[in-house]
Amino acid sequence: MIKVWIGIVLCIASFSFDALAAKEEIKPLVLFQGEVAEGSFLHMVEKGVLAFEQATSITVVQKRLPRGDERYLKELENSAKQGFSPIIVQDSNSLARFANIAKAYPATKFISLDVAYDVPNILALTFNHAEGAYVVGFMAGLKTKTNKVGFIGGLDIPVINNFRCGYELGLQQANANATLVTRYINKGTFSWDDLDSAQQLSQQMLSDNVDVIFPVSGMASKAVMDTMKAAGLQHYSFGIDANSNADYPQTLLASFEKRSDKAVFAALMLLKNGIWNGTEKHFGIKQGIIQITVNPENTALNASDKEKVDELITQLKGKNNRISREILTHCKV
Amino acid sequence: MKRLSSHIIMLYMVLTLVPLLIIGGFTVTRTYIAEQQEWTDLYEKVLLQQLLNAEKSLAEFDLALAELVVNDFSRLDYIRSVKLESDLYAMTFAEVINTNTSSDNLMLLTYPIVGAQNDRLGQLIIYKDKDAFSSHIIYSVLPKIIFFALLVSFISFLFSRKILAILKKPFQDVHRFTALVASGEFNTPPPKHHKFIEINAIFSSLELMRVKLLTSRNQLQKSEENYSRTYNLTQVCLFVVDVKKCHIVRANRRFTEQIGNIAMVNSHHASRLQRFITLLLERQGSHSFEYAISVNGVTKHFQVNYSERIKNEIECSAMDISELVKARESVVMQLQTDALTGIPNRVSFNQFVQQVENKQHSQFTLMMLDLNGFKGINDNYGHLAGDEVLKATAQRITDYIQAFGYVYRLGGDEFIISLLGEFSEAKLRQIALDIIAKVEAPIPFNQIQLSVSSSIGISCFDERSGISVGEVFNDADIAMYHAKVNQLPPVFSTELRAA
């Protein structure tokens with residue numbers, strides 16, 4: 001009798017094991033919107049895709065489209081029809097109809113960056129931006145002389161406001177007297193590449209006596225960093241998405257690195273391994289996906305400042321830490 | 001010397017603390033081991049559970065589960081950081097750093113996570129704080145130990161203080177009482193302590209001792225008075241000399257009267273005292289001798305008796321026997337002196353012979369002299385005239401030879417002269433002739449001149465010749481007789497022998 005039972009158990013076990021091990025054939029695609037420039041968010045996504053290709057020898061088809069939501073959505077639908085799965089939707093922030101398309105193609109897996117949907121075939125890769133932004137805000141609070149600190153976002157959307165929220169909390173923590181000035185480019189999907197608007201906004205802020213600005217506006221952020229560099233010493237900004245410290249040795253305090261490449265790589269591997277458990281993977285400092293890299297060239301940062309930043313990051317990695325709780329309480333994801 | 005109080009406190013504390021420390025040490029060790037075991041068990045338990053979770057998390061890309069894994073580890077106080085890394089997805093799934101430990105003494109533990117198909121999924125990296133356990137022990141156990149030790153010390157201290165407080169009064173009283181007794185005060189009894197049997201016993205004994213001492217002292221005083229009276233009343237000088245320091249230590253009143261006070265004798269007669277002490281030390285045989293000293297120009301004789309030497313001191317008694325000596329000398333003088341002529345008699349000569357036999361004289365000459373015509377004077381002028389002749393003869397010979405010899409009256413009209421030392425024959429003959437001449441000179445007696453002649457026989461004594469003194473005496477006698485019979489000038493015994 002026992003033998004029979006063992007036999008049954010082994011049978012079931014081997015069956016389930018086979019079921020898990022059965023890997024779907026995947027036909028991945030990545031849809032880019034806008035220029036894949038060095039150091040940009042899109043570039044980071046591309047890096048992840050390439051790493052996946054290298055690791056698995058599975059080709060990921062890359063489609064690069066110019067800016068324009070309608071066209072992007074159309075291409076997305078086409079790709080789904082063509083049987084691509086998973087499809088990495090790089091820019092789902094402003095795509096109102098993305099969820100509907102996904103629902104229309106339930107057999108197709110979509111990987112959404114930054115935004116989560118309650119759709120079973122969309123895997124969202126979300127990031128705890130506020131944690132990193134808290135550290136950035138803290139540094140801004142330490143370094144501002146005018147006690148006026150700026151934030152320039154690409155769009156006034158929840159993802160960007162998550163940055164802003166953490167930034168403000170960190171700022172208040174370091175310097176209770178500092179005030180935050182917030183501006184958005186707000187030109188839809190074009191906002192991310194709108195260097196002119198970004199420059200104008202930062203100039204405005206400069207004339208308003210703002211001396212530290214954190215830009216979170218894709219490629220347009222570069223204009224802010226340039227403006228602050230042009231404004232000369234004691235005017236600071238931060239790098240975003242990639243590490244830009246080397247380009248702005250005296251004006252960049254730190255870079256907010258968002259290792260989307262790692263997240264994308266992991267997501268592709270996940271699907272390659274046939275695992276689909278949940279519709280959201282959330283990454284933060286604890287996963288090393290959000291990294292704050294202090295600019296080692298910047299002489300304005302003394303050892304004490306660096307120590308404080310290190311301490312802050314260590315705190316953020318702490319179990320049930322005060323900062324994370326504060327962020328959870330105040331900032332919407 | 002230590003203070004008794006601090007010693008008692010120290011002793012008490014040591015005797016209570018040492019066993020307590022041993023017990024404490026044992027307890028701490030046991031706690032240490034138990035705690036360590038507990039920590040290890042807990043860690044093993046968490047590890048066992050979370051390795052499974054880690055595997056699941058890595059296999060299924062479950063970040064929430066990964067968070068749970070690291071959080072579960074971080075519950076343990078001594079975990080500095082935990083990180084779950086995925087090899088497959090090339091990223092960290094979760095990391096947690098405990099900020100409550102700041103030690104740099106960390107231990108790295110890496111656990112590889114292997115999947116169901118023996119493929120490596122990733123690893124769990126744990127940093128343990130090596131010091132956490134010891135600091136945990138220190139912070140949890142040490143305060144208890146310190147509190148316990150302080151409590152015990154405090155109790156010990158209070159206990160010792162109480163004991164000392166009980167003992168203090170009796171100790172003070174004993175001290176005060178013994179100080180009184182030491183200063184000679186025996187009349188005050190010690191205070192009473194009735195509270196404790198032991199202490200009461202001590203004071204009862206002290207009281208007994210005091211009474212006994214008082215009685216003894218009174219007896220001693222009485223005996224001392226008696227002794228002192230005797231000591232000072234005795235007619236014998238009693239004194240004690242320190243032979244090393246060479247002075248008189250003490251003496252009785254008689255000594256002071258007879259010789260002088262001690263200080264004077266010690267300072268002014270140091271050399272005489274030195275001689276006396278040397279004599280005492282060098283003496284052998286009986287502990288009694290005669291000793292003469294001059295006090296204020298008068299020679300005094302003492303019969304000295306002395307004790308054995310005890311601790312460099314000799315007790316002496318000296319009885320004044322000056323009168324006795326004087327009387328004895330007078331008797332001896334009378335015995336040895338011819339009553340008529342006042343010169344030495346036969347007894348004295350016999351003593352001389354004795355001296356020769358005792359080898360006190362190695363060379364001497366004897367001259368035997370006999371008066372011629374003495375009998376006629378006795379018969380014609382009476383015994384008084386004879387006595388006068390004998391007196392004059394004795395006086396004249398004495399006057400002549402007193403520088404180099406002695407004259408003895410052997411009896412009747414017979415005299416013998418002894419000349420000590422070596423003389424030539426010519427010199428002896430000359431002396432004999434001179435004596436004959438002196439004797440023959442007229443002797444006035446009651447307006448008349450008496451006259452006698454004399455015959456002399458001479459014999460010489462030389463120790464080396466082997467001839468005895470008796471023979472020499474005989475020889476002199478024979479030679480004198482020969483001279484008398486033959487009416488010859490002085491005759492040498494050697495001449496007779498040669499003939």
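One table, with the values for the structure above:
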{"quantity": "So residue B:225, is it at pLDDT 90 or above and farther than 23 Å from residue B:308 by Cα", "calculated": "yes"}
{"quantity": "Some residue of region B:309-327 being in a helix (DSSP H, G or I) and small (Gly, Ala, Ser)", "calculated": "yes"}
{"quantity": "Every pair of residues 6+ apart whose Cβ atoms lie under 6 Å, when the first sits in region A:266-287 and is more than 8 Å from chain B (Cβ to nearest Cβ) while the second is in a loop (DSSP other than H, G, I, E, B) and surrounded by fewer than 16 Cβ atoms within 10 Å (Cβ to Cβ)", "calculated": "A:274/A:23; A:274/A:24"}
{"quantity": "Residue ranges of strands (runs of 3 or more DSSP E) in region B:423-483 with at least 1 members touching a Pro at 6+ places or on another chain (Cβ under 7 Å)", "calculated": "B:448-450, B:453-462"}
{"quantity": "Failed criterion for residue B:107 (all others in (1) closer than 30 Å to residue A:54 by Cα; (2) part of a strand (DSSP E or B) hold)", "calculated": "(1)"}
{"quantity": "Yes/no for residue B:64 being facing chain A (nearest Cβ under 10 Å), touching a residue at least 60 places away in the same chain (Cβ under 8 Å) and either surrounded by 16 or more Cβ atoms within 10 Å (Cβ to Cβ) or in a helix (DSSP H, G or I) (or both)", "calculated": "no"}
{"quantity": "Condition check for residue A:301: of a type in the set (A, V, I, L, M) and touching a Pro at 6+ places or on another chain (Cβ under 7 Å)", "calculated": "no"}
{"quantity": "Residue satisfying condition, being within 24 Å of residue B:140 (Cα to Cα) and in contact with a Leu (Cβ under 9 Å, 6 or more places away or on another chain), within set B:32, B:43", "calculated": "B:43"}
{"quantity": "Residue match in region A:293-301 (condition: in contact with a Gly (Cβ under 7 Å, 6 or more places away or on another chain) and at pLDDT 90 or above)", "calculated": "no"}
{"quantity": "Residue among B:162, B:128, B:144 that alone is basic (Lys, Arg), assigned to a helix (DSSP H, G or I) and surrounded by 13 or more Cβ atoms within 10 Å (Cβ to Cβ)", "calculated": "B:144"}
{"quantity": "Tally, over region B:67-95, of residues that are modelled with pLDDT under 85 and more than 10 Å from chain A (Cβ to nearest Cβ)", "calculated": "3"}
{"quantity": "Test result for residue B:35, more than 14 Å from chain A (Cβ to nearest Cβ) and in contact with a helix residue (DSSP H, G or I) (Cβ under 7 Å, 6 or more places away or on another chain)", "calculated": "yes"}
{"quantity": "Filtered residue count, region B:135-158, keeping only those that are closer than 30 Å to residue B:196 by Cβ and either at pLDDT below 85 or aliphatic (A, V, I, L, M) (or both)", "calculated": "7"}
{"quantity": "Long-range neighbours under 8 Å by Cβ, at least six apart or interchain, first residue touching a residue at least 40 places away in the same chain (Cβ under 8 Å) within region B:14-42, second aromatic (Phe, Trp, Tyr) and in a helix (DSSP H, G or I)", "calculated": "B:20/B:148; B:24/B:148; B:35/B:133; B:36/B:133; B:39/B:133"}
{"quantity": "Residue B:471 vs. criteria under 15 Å from residue B:497 (Cβ atoms), in the same structural domain as residue B:408 (by TED's automatic domain parsing) and not basic (Lys, Arg)", "calculated": "yes"}
{"quantity": "Filtered residues of region B:441-481 (kept if farther than 27 Å from residue B:354 by Cα and touching a residue at least 24 places away in the same chain (Cβ under 8 Å))", "calculated": "B:441, B:443, B:445, B:446, B:448, B:450, B:451, B:452, B:453, B:454"}
{"quantity": "Residue list for region A:52-66, restricted to those being surrounded by 18 or more Cβ atoms within 10 Å (Cβ to Cβ) and either in the same structural domain as residue A:216 (by TED's automatic domain parsing) or not aromatic (Phe, Trp, Tyr) (or both)", "calculated": "A:60"}
{"quantity": "Enumeration of residues in region A:298-314 that are closer than 17 Å to residue A:137 by Cβ and among the acidic types (Asp, Glu)", "calculated": "A:305, A:310, A:311"}
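The values are calculated or read from the model by the stated rules, or taken from the named source; none is laboratory data. Just so we're clear, the structure is a prediction, and the values are computed from it rather than from any experiment. Here the Cβ is made from the backbone with ideal geometry for all residues, glycine too, and neighbour counts use every protein chain on show.
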